[in-house]
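Only one structure is covered here, and it is reproduced in the block below.
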Amino acid sequence: EITLREWQKQKFDEALNALKTKKTLLLNVTTGAGKTLFTLLLGKALHKKILFLTRTHSEFEAVRREAERLGLKITYLFGKNSVCPYATDDIKPEDIECRECVLRDKIKDLSGLKPSQILQLSKDASDFCPYHSLRALITKVDVIVASYMYFFNPFLRRKIVCGSQDCIKPDELLVIVDEAHNLINGDEWFSKKIGKKTVNNALKELDEVESNTNNDLSDVRAFLVELGKFLENIVDEGGCRELPLYPKPSAEVLLQIHKASLSYLNMIKGPIKRSYLRSVYDFFNTEGDTFNCNGKLMVIPSDTIEMIKESFNFADKRVLMSGTLPDLGLEGYRINVEVRLGKAEYYYCSYVNSRVRYRRANAEKYAEIIKKVYDGASSNILVFFPSYDFKSEVKKYLNGLPVLEESKRITHEEILELMKEGKYAVLLVMRAKESEGVEFRDEGNRNLFSDMVLAGLPYPDVSDALIKRRIEKLSKVTKKTEEEVAKELTLITIKQTIGRAFRDPNDFVKVYLCDSRYKEYFSDLGISEKEIKLFG
Ligand code: SF4
């Protein structure tokens with residue numbers, strides 16, 4: 001028997017009705033309060049097939065646990081690039097052509113296995129195809145867990161949501177988007193990138209095509225050489241810059257590139273078909289805005305928010321959920337629930353500021369704050385910076401302090417082990433891959449830190465053209481000013497960062513908000529001025 005939490009009981013009928021009438025539910029509920037179970041129950045009550053979308057594979061296991069409690073059958077759609085035994089690191093799902101594979105029809109029953117067991121089995125699968133074995137289960141289960149791209153990328157979606165017998169039909173589908181605040185960065189999912197390496201490899205492929213066919217490809221070669229020279233000379237200015245002028249192929253040359261890439265792909269034996277000529281073709285075949293991102297060319301289609309909205313037409317009903325659900329201009333019925341998990345003690349450092357132009361001058365002051373917090377802390381401390389640059393700036397003044405940072409040499413697991421034994425200052429960057437969704441807890445679900453410092457305000461860096469563009473687009477669809485959007489994005493990052501300290505009713509953490517500008521966010525964070533102590 002499942003015992004529901006108070007909010008789950010109270011809001012269930014309201015949510016169910018919303019899905020029946022409005023078809024879209026916007027569920028803004030504190031992380032850790034039980035959204036997964038709640039939405040799976042909704043799907044069950046509606047007799048729908050559930051497609052549960054998460055950001056990464058590491059979140060699959062949490063969905064499995066809740067589905068199991070409810071007696072729902074589940075399967076996982078790992079990307080071909082993660083479970084195909086032939087795939088190498090730089091392979092995309094589109095590069096794998098199963099028709100030529102001997103394992104194509106070798107299906108093994110993988111039902112009932114945990115995601116980690118499936119990954120383990122896939123590593124050296126030699127008598128079955130892990131991808132197609134999982135794919136074969138989608139019509140037989142109640143819940144399918146997949147990463148976002150399996151729904152938002154039309155090419156991948158067509159393989160699971162379609163009209164044919166072995167597919168899920170749109171009208172039987174309830175799609176659940178977990179951590180839906182990530183949709184803000186959806187523009188990057190549709191982006192295409194090329195760099196020097198792409199062009200050099202494309203030239204090598206062109207050599208092979210020329211020596212195997214009688215085609216004159218000198219125009220393609222001339223273009224690739226010009227593009228290569230251009231890429232040699234563009235500068236990595238950090239982040240993304242607008243790039244109005246760059247070499248573009250004529251329509252005819254583009255067509256020749258396409259044909260050459262097909263010839264090259266035909267020459268490859270076996271199922272893995274990677275072609276850099278195809279990458280060049282895909283890049284120039286995408287219409288949109290082009291940037292210089294860290295010395296590479298990147299193109300983003302003009303209307304990615306529209307592309308995401310269109311995807312939702314492929315499901316009868318949808319739930320977008322998050323602890324910090326932003327306004328994306330999507331219509332739907334919104335439910336807000338704030339559950340207080342644990343207890344925070346807030347401190348405000350009003351005399352520092354992390355605005356880019358003050359950063360250098362303030363770096364030393366930030367280091368002093370961190371040292372002081374560390375000295376007074378009963379356990380490890382977590383320090384979150386708004387950017388890598390600022391982290392390294394402050395680090396210069398942290399000598400003498402035992403610090404830990406995740407890197408190629410030290411993994412998250414190793415950091416956790418060290419935190420159990422000693423007392424460290426763990427340096428992190430807000431929203432960075434290695435800190436998003438990552439927990440710092442022991443086996444008993446207790447925090448391995450007592451204090452958390454937000455060393456700066458994570459205000460979006462509008463000098464980065466990609467971020468500026470994102471804010472402009474969001475401002476357009478939500479009809480809010482760009483400043484309001486920027487403030488909302490800042491608030492999401494702050495809440496996500498602080499939120500990880502509070503997943504359990506017994507959590508108690510001291511939180512230091514270190515930037516004079518945090519004052520503007522107190523009320524949105526639900527903190528009254530009386531509750532907050534001045535630090536320093
Ligand atoms: Fe890989 Fe072959 Fe399976 Fe395709 S059919 S995913 S190539 S193992």
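The values are calculated or read from the model by the stated rules, or taken from the named source; none is laboratory data. The structure presented is a predicted model; accordingly, all values stated were derived computationally and were not measured. Here Cβ is always computed from backbone atoms with ideal geometry, including for glycine, and neighbour counts include all displayed protein chains. We work out accessible area using only protein heavy atoms, side chains counted, and drop any ligands, DNA or RNA first. Shrake-Rupley method; radii C 1.70, N 1.55, O 1.52, S 1.80 Å.
The figures follow:
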| item | result |
| --- | --- |
| Boolean, GLU414 is assigned by TED's automatic domain parsing to the domain that holds ILE176, out of contact with any Cys (no Cβ under 6 Å at 6 or more places or on another chain), surrounded by fewer than 13 Cβ atoms within 10 Å (Cβ to Cβ) and closer than 26 Å to GLY32 by Cα | no |
| Residue pairs meeting the criteria (Cβ under 6 Å; at least 6 apart or on separate chains; first not assigned by TED's automatic domain parsing to the domain that holds ASP95, in the range 266-282; second more than 16 Å from the ligand (Cβ to nearest atom) and open to solvent by 40 Å² or more (accessible area, probe 1.4 Å)) | TYR281/HIS258; ASP282/LYS192 |
| From VAL235, VAL177, VAL225, residue being crowded, with 16+ Cβ neighbours inside 10 Å and away from the ligand (no atom under 16 Å from the Cβ) | VAL177 |
| Whichever residue in the range 276-312 is out of contact with any strand residue (DSSP E or B) (no Cβ under 9 Å at 6 or more places or on another chain) and modelled with pLDDT of 95 or more and, among such residues, is surrounded by the most Cβ atoms within 10 Å (Cβ to Cβ) | LEU277 |
| Residue satisfying all of: in the range 93-129; free of Cβ contacts under 8 Å to residues at least 24 places away in the same chain and away from the ligand (no atom under 12 Å from the Cβ); farthest from ASN201 (Cα to Cα) among these | GLY112 |
| Filter result (in contact with a strand residue (DSSP E or B) (Cβ under 9 Å, 6 or more places away or on another chain), in a helix (DSSP H, G or I) and within 22 Å of VAL438 (Cα to Cα)) within the range 497-536 | THR497, ILE498 |
| Residue ID - nearest to the chain's Cα centre (by Cα), chosen from residues in the range 1-24 that are within 13 Å of VAL337 (Cα to Cα) and among the hydrophobic types (A, V, I, L, M, F, W, C) | ALA15 |
| Within the range 36-58, tally of residues that are under 28 Å from TRP189 (Cα atoms) and exposed (fewer than 15 other Cβ atoms within 10 Å of the Cβ) | 2 |
| Among (1) surrounded by 14 or more Cβ atoms within 10 Å (Cβ to Cβ); (2) at pLDDT below 95 - the single one ILE74 does not satisfy | (2) |
| Residue in the range 255-266 that is part of a loop (DSSP other than H, G, I, E, B) and not small (Gly, Ala, Ser) present | no |
| Residue match in the range 59-67 (condition: more than 9 Å from the ligand (Cβ to nearest atom), open to solvent by 60 Å² or more (accessible area, probe 1.4 Å) and of a type in the set (Asp, Glu)) | no |
| Members of the range 485-533 found to be within 25 Å of VAL426 (Cα to Cα), more than 27 Å from the chain's Cα centre (by Cα) and of a type in the set (S, T, N, Q), listed by number | ASN506, SER516 |
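Here is a yes/no grid of residues against (1) free of Cβ contacts under 8 Å to residues at least 40 places away in the same chain; (2) among the polar types (S, T, N, Q); (3) under 26 Å from THR56 (Cα atoms):
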{"position": "SER450", "(1), (2), (3)": "no, yes, no"}
{"position": "VAL477", "(1), (2), (3)": "no, no, no"}
{"position": "PHE502", "(1), (2), (3)": "no, no, yes"}
{"position": "ASN506", "(1), (2), (3)": "no, yes, no"}
{"position": "TYR518", "(1), (2), (3)": "no, no, no"}
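For (1) in contact (Cβ under 8 Å) with a residue 40 or more places away in the chain; (2) over 23 Å from the mean Cα position of the chain (by Cα); (3) within 30 Å of ASP289 (Cβ to Cβ), each residue gets a yes or a no:
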residue: GLU393; (1), (2), (3): no, yes, no
residue: GLY400; (1), (2), (3): no, yes, no
residue: LYS420; (1), (2), (3): no, yes, no
residue: GLU439; (1), (2), (3): yes, no, no
residue: VAL462; (1), (2), (3): no, no, yes
residue: ALA465; (1), (2), (3): yes, no, yes
residue: ARG469; (1), (2), (3): yes, no, yes
residue: GLU472; (1), (2), (3): no, no, yes
residue: GLU483; (1), (2), (3): no, yes, yes
